[in-house]
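Input: a single structure, listed below in structure tokens.
Laboratory data are not the source of any read-out in this text; all were calculated from the coordinates shown. Note that the structure is predicted; figures quoted are calculated from it, not measured. Backbone-built Cβ (ideal geometry, glycine too); neighbour counts: all protein chains shown.
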Amino acid sequence: MKNGKIWLSMLLIAAATFPAFAQVLEKKDSVSSIPSSVMQLIKPACMTCHSDQGRDKPKNAVNFSTWDQYRPVEKKFIAGSIVSELTKESMPPKRYLQVHPEAALTAEQIKTLIQWCDSIRTK
């Protein structure tokens with residue numbers, strides 16, 4: 001009888017936690033709506049800080065790992081912020097580029113990112 005109660009308790013706990021567990025399994029990097037040509041630029045230049053692996057402050061500003069989870073209005077705001085940072089040449093930060101020169105963006109790459117952001121802002 002005691003074993004039956006233990007198994008029933010375990011079954012109830014498992015049933016109660018399954019939906020949360022299923023969500024964890026389904027969670028994936030949701031950058032699928034970012035074009036691959038843009039992702040090739042974002043990965044080395046942005047995602048070290050602006051992804052699930054980044055530190056809190058930059059990750060909270062924009063997290064490309066969860067891009068598809070942002071609402072359209074949030075994407076528009078973030079796209080505007082990205083354009084602003086790129087035109088001020090403040091992203092990627094100079095001190096980051098000193099350690100990771102491969103993350104530097106060319107003028108053509110910046111133009112590509114700005115065009116992508118403009119396409120988001122006009123949707």
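Points to keep in mind about this one:
- Surface/4 estimate of mean projected area, convex hull on alpha-carbon atoms of the range 28-121, nm²: 5.6 nm²
- For the listed peptides 110-120, 80-90, 95-105, a ranking on the average number of other beta carbons within 10 Å per residue, highest first, reads 110-120, 80-90, 95-105.
- Computed extension gain for S32 through S84, at 0.36 nm per residue and net of the alpha carbon distance, reaches 16.3 nm.
- Placing a pseudo-label 7 Å from each Cα along the Cα-to-Cβ vector at Q40 and D118 gives an inter-label distance of 2.1 nm.
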